[in-house]
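Notes for the one structure printed next.
Every number here is computed from the coordinates shown, using simple stated rules; none is lab data. Predicted, not measured: the structure shown is a model, and the values here were computed from it. Heads up, the Cβs are rebuilt from the backbone with ideal geometry, glycines too, and the neighbour counts pull from every protein chain shown.
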């Protein structure tokens, strides 16, 4: 049903309230963390879906890259599911012993993959003026995939690393 405000009388008209909506300047990103607690963000434009799946729905593949948890039937298409934290050099693995695993379904042209993460935190608009080049202190496994660091001053998290999904999906580390 569509609400047409022309039908409202002055007595029926909704009152205006000031609601803080957050700035929509910058880039909309999906914020998440990996088992070590490190927070990352991906541009929302490359994320097809965010979902929770039962771990037993991910089929392990023997002799595959250690980053892969297995395959998953996503909307009739079999896709690879990878532990994104482990791929980025995290020593802690995604806990597949819990009832559900958070997956980010990402796409780059014809390639669709599922990235398993610990928690999907939220989506937020990141002001591009607060994004700086990544520092040299990044772990070696992460350097090629972090495009910038978002300053989160005043937050519990000291920094938010922005990931390049294209570089991750096209990485040669995915060899089977």
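Look at the alpha carbon pairs under 8 Å that are at least 6 residues apart: their mean separation over the length of the stretch 71-175 gives a relative contact order of 20 percent. Peptides 84-91, 144-151, 42-49 ordered by packing proxy, namely the average of other Cβ atoms within 10 Å per residue, highest first: 84-91, 144-151, 42-49.
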